[in-house]
1. Within the stretch 90-117, how many residues turn out to be modelled with pLDDT under 80 and surrounded by 10 or more Cβ atoms within 10 Å (Cβ to Cβ)?
2. Only one residue in 228, 223, 213 is under 19 Å from residue 43 (Cβ atoms) and either assigned to a helix (DSSP H, G or I) or at pLDDT below 80 (or both), so which one is that?
3. Residue check, residue 224 against (1) touching a His at 6+ places or on another chain (Cβ under 9 Å); (2) open to solvent by less than 80 Å² (accessible area, probe 1.4 Å), all met but one. Which one?
4. If a residue must be part of a helix (DSSP H, G or I) and closer than 15 Å to residue 92 by Cα, how many such residues does the stretch 197-210 contain?
5. Anything in the stretch 78-89 that is under 22 Å from residue 199 (Cα atoms) and either surrounded by 15 or more Cβ atoms within 10 Å (Cβ to Cβ) or among the aliphatic types (A, V, I, L, M) (or both)? List them, or say none.
6. Kindly check whether there is at least one residue in the stretch 16-35 that is in contact (Cβ under 8 Å) with a residue 60 or more places away in the chain, loosely packed, with under 15 Cβ neighbours inside 10 Å and not charged (D, E, K, R).
7. Out of the stretch 189-210, which residues are at pLDDT below 80, loosely packed, with under 14 Cβ neighbours inside 10 Å and under 20 Å from the mean Cα position of the chain (by Cα)?
8. Just give me the residues in the stretch 37-77 being open to solvent by 60 Å² or more (accessible area, probe 1.4 Å) and more than 14 Å from the chain's Cα centre (by Cα), in sequence order.
Amino acid sequence: TECEKEPGSLLWIFVMVGNIVRGMGETPIMPLGISYLEDFAKAENSPFYLACLHTATVVGPFLGLLLASFCAELFVDIGSIGADEITITATDARWVGAWWLGILICALLNLLVGIPFWFMPKSLVKEGETNEPEEASEKRVAPLQEHDKNETKQTMYDFIPFLKALFHNPVYMLFICITVLQFSAFDGMISFMPKYLEQQFGKSASDAIFLIGVYNLPVLCVGYFSGGLFMKKFKINIYQAANIAFWVSLLEYLLYFAAYWTVCDTSPVAGLTVSYQ
């Protein structure tokens, strides 16, 4: 009884704060990156560039799942305990992988990747246009700076009315709802599918994570890339893109609905599906 004590570690706060900081750093990439592409790319090339951007956002989780699969095969106390002292395997329910190792590796890579962003220019010449003379560019610097200051002040006053107008825009709100549903489905799969594969098919945590990364994310990359290439080649407008998205989403729903008929036998669980005797 003397060795027993209530769990009271507050180290989870460091993980939570780290995730908050990571979210603050990653959030501007998508809205500002998309605006950056839209401002300086040709209209016919913009969908293809956006597809490349979204493909990269899927390649990242794919590589992350492969890294998580590798880290899950390592014991949580790697470095402080010898391999010969570990008496359980990765398929044991008591096994805890080195989850912290992936966080350290990704944090270092994020720091290295963020360095080139400091050297990106504030403005680029729009694709297909020529550089303007340096003298004309210098003459426009001062008026543009003054205009930016006035525009910033005006934006602060117009933010609330603009936000209210967005909330009353049915097309925008519908798009937000669709995005929430799509990400909810994706996050649900990432959260619960590994445990399902472990319980139903007797896979280890590392194998389950590896299978999810291999079977799901490369297909998404192909879809993003081919969709952007298709829009660039055939010059699809917004109305046509909305129609294509509707029919493809309907087909996706029907295919996922067919998964209800894919039923596996429930694994016996003592005290739940079978008795303890």
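The values are calculated or read from the model by the stated rules, or taken from the named source; none is laboratory data. Please read all numbers here as calculations on a predicted model, not as lab measurements. Cβ: placed from backbone, ideal geometry, glycine included. Neighbour counts: every protein chain shown. With ligands, DNA and RNA removed, areas are computed over all heavy atoms of the protein, side chains included. Shrake-Rupley method; radii C 1.70, N 1.55, O 1.52, S 1.80 Å.
1. Here is the first cut: in the stretch 90-117, the ones modelled with pLDDT under 80 are 90-93, 117.
Subsequent filtering for residues that are surrounded by 10 or more Cβ atoms within 10 Å (Cβ to Cβ) retains 90-92.
Going through the stretch 90-117 one residue at a time, the tally reaches 3.
2. Details: 223 fails: under 19 Å from residue 43 (Cβ atoms); 213 fails: under 19 Å from residue 43 (Cβ atoms).
Going through 228, 223, 213 in turn, the sole match is 228.
3. Result: residue 224 passes all but (2).
4. Our first condition is that a residue be part of a helix (DSSP H, G or I); within the stretch 197-210, this holds for 197-201, 205-210.
Now restrict to residues that are closer than 15 Å to residue 92 by Cα: 197-201, 205-208.
The number of residues fulfilling the criteria is 9.
5. Result: 88, single match.
6. yes
7. 189, 191
8. The answer is 38, 39, 42, 43, 44, 49, 70, 73, 77.
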